[in-house]
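K.L.:
Pasting a structure here, questions to come.
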2 protein chains.
Amino acid sequence: MNADKIPDIIIGRLPIYLRALQRMSDRGLKTTSSQELGEHVGISAAQIRKDISQFGEFGKQGTGYSIGYLTERLREILKVDRIWDVALVGAGDMGHALARYQGFTNRGFRIVLVFDNDRAKVGQRAGAFTVEDAAKMSDRIRVAGVRVAMLTVPAASAQEVADKLVQAGVKAILNYAPVSLNVPKYVHVQYIDPATHMQRMTYYL
Amino acid sequence: MNADKIPDIIIGRLPIYLRALQRMSDRGLKTTSSQELGEHVGISAAQIRKDISQFGEFGKQGTGYSIGYLTERLREILKVDRIWDVALVGAGDMGHALARYQGFTNRGFRIVLVFDNDRAKVGQRAGAFTVEDAAKMSDRIRVAGVRVAMLTVPAASAQEVADKLVQAGVKAILNYAPVSLNVPKYVHVQYIDPATHMQRMTYYL
């Protein structure tokens, strides 16, 4: 196994498999097959076997995969066998929704800091958190050693905030602002922009 | 040009180009190059030229692309040269954030219906909308001819709601519930799940 050689498109499918496995486990299931997993995630059994085999031998012909074992291995591979502290920047509607979101539980992340540059919001609650002044963001993130951030600021300020996050040591940014970010190569960015996702579908309608 | 032959991965990049072009246009720019566009979106100039050339000849060697013309053509190709009515199902935190989201303006979408199955929420406001009873969802969507929906219900009820949406004529679903949906082949689904997006990044940390 050489992590550098695994195509990113495969890495992108692993969280989908992990999510489906965790849901199977929640339902009390112990084993699954590439067929069954494929039906859950809408990916062919052959593709799933190929993807998973990149990381070693996890299943046996005829007996399938142990859900518990494969879940543990995927969590290790994706490095979510630990909890990542996350800084949330932007306490608008989307920021509040994320601060209150229950879907991070057991998936490797917890929000620990919430920032906004709007004085009216600083000191207010966002979910279980108190919104802190964005002017203190860099110091707070550096001291806390936070490496993952979610960005829910307006498009016009997203690049500036991203630059500060990178300088403070952030290595992964989930960007909700509808703008592409310029960051150093060692920083990872994923984008969540509902209009972009929907435009990708209307092409086919 | 044969739309059926364009790989989905290229289609997925077109909304990114369109978004960058619209931002350039907002800043008063009239022309751009594949180099400049590439710097904005983090994709190589060669890849951009190749992607765009799938749909015809839009640029000239040396003079680059007319932002206005390329924008119009991309909007046509992605079928967002019109406004798609969107049904939002699930008036929780995320649903409220989407109902109030300003980012759909000028990008081809407008929410027209909001539903929830919680009696306490029915009749309440969500952004500019009144939350309607999910029991009336199928009829309302069918009569209104809505083809696009956003799903922000809990994972446990997402499949059931998706089935009803499909029966009512919905052809494209943006799914915020952290679960894969089983839908007929002619229905398109895009997923927004922050934990999945973040797990894809932690692999590299």
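The values are calculated or read from the model by the stated rules, or taken from the named source; none is laboratory data. Small disclaimer: the values here were computed from a predicted structure and weren't measured. Here the Cβ is made from the backbone with ideal geometry for all residues, glycine too, and neighbour counts use every protein chain on show. Side chains are part of the model used for accessible areas, which takes the heavy atoms of the whole protein and leaves out ligands, DNA and RNA. Shrake-Rupley method; radii C 1.70, N 1.55, O 1.52, S 1.80 Å.
K.L.:
Quick one: how many residues across the range A:21-41 are touching a Leu at 6+ places or on another chain (Cβ under 8 Å) and not aliphatic (A, V, I, L, M)?
P.N.:
Matching residues across the range A:21-41 total 1.
K.L.:
Oh, and also: Just for the range A:101-137: of the residues that are under 30 Å from B:Pro154 (Cβ atoms) and among the basic types (Lys, Arg), which one is farthest from the other protein chains (Cβ to nearest Cβ)?
P.N.:
Once the filter is applied, the top-ranked residue is A:Lys121.
K.L.:
Can you name the residue in the range B:1-37 that is under 23 Å from the mean Cα position of the chain (by Cα), polar (S, T, N, Q) and open to solvent by 40 Å² or more (accessible area, probe 1.4 Å) and is also farthest from A:Tyr191 (Cα to Cα) among such residues?
P.N.:
B:Asn2
K.L.:
Taking the stated definitions as given, is B:Ala149 of a type outside the set (Val, Ile, Thr), modelled with pLDDT under 95 and within 22 Å of the chain's Cα centre (by Cα)?
P.N.:
Against the criterion (of a type outside the set (Val, Ile, Thr), modelled with pLDDT under 95 and within 22 Å of the chain's Cα centre (by Cα)), B:Ala149 does not qualify.
K.L.:
Continuing with the same structure: Does any residue in the range B:143-171 that is closer than 14 Å to B:Lys185 by Cα come within less than 8 Å, Cβ to Cβ, of a residue that is among the aromatic types (Phe, Trp, Tyr) six or more places away or on a different chain, and which pairs are these?
P.N.:
B:Lys171/B:Tyr186
K.L.:
Going through the range A:43-79 one residue at a time, which ones are more than 25 Å from A:Phe104 (Cβ to Cβ), open to solvent by 40 Å² or more (accessible area, probe 1.4 Å) and not hydroxyl-bearing (Ser, Thr, Tyr)?
P.N.:
Residues satisfying the conditions are A:Ala46, A:Gln47, A:Arg49, A:Lys50, A:Gln54, A:Glu57, A:Lys60, A:Gln61, A:Gly62.
K.L.:
Taking strands (runs of 3 or more DSSP E) that do not extend beyond the range A:96-175, which have at least 1 residues that are open to solvent by 50 Å² or more (accessible area, probe 1.4 Å)?
P.N.:
Because the criterion is at least 1 residues that are open to solvent by 50 Å² or more (accessible area, probe 1.4 Å), the strands (runs of 3 or more DSSP E) in the range A:96-175 that meet it are A:109-116.
K.L.:
Quick one: is A:Arg49 at pLDDT 95 or above and either more than 24 Å from A:Arg147 (Cα to Cα) or part of a helix (DSSP H, G or I) (or both)?
P.N.:
no
K.L.:
A further question on this structure: Take B:His40 and decide whether it is in a helix (DSSP H, G or I), closer than 20 Å to A:Arg200 by Cβ and either open to solvent by less than 60 Å² (accessible area, probe 1.4 Å) or within 12 Å of chain A (Cβ to nearest Cβ) (or both).
P.N.:
So B:His40 passes the test.
Here's the yes/no breakdown for (1) in contact with a Leu (Cβ under 9 Å, 6 or more places away or on another chain); (2) within 8 Å of another protein chain (Cβ to nearest Cβ); (3) at pLDDT below 95; (4) closer than 18 Å to A:Leu18 by Cα:
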residue	(1), (2), (3), (4)
B:Asp139	no, no, no, no
B:Arg142	no, no, no, no
B:Ser180	no, yes, yes, yes
B:Tyr204	no, yes, no, yes
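K.L.:
Is it the case that some residue within the range A:49-68 is within 11 Å of another protein chain (Cβ to nearest Cβ) and within 20 Å of the chain's Cα centre (by Cα)?
P.N.:
No.
K.L.:
Could you please let me know if B:Arg82 is open to solvent by 60 Å² or more (accessible area, probe 1.4 Å), within 11 Å of chain A (Cβ to nearest Cβ) and on the phi < 0 side of the Ramachandran plot?
P.N.:
So B:Arg82 passes the test.
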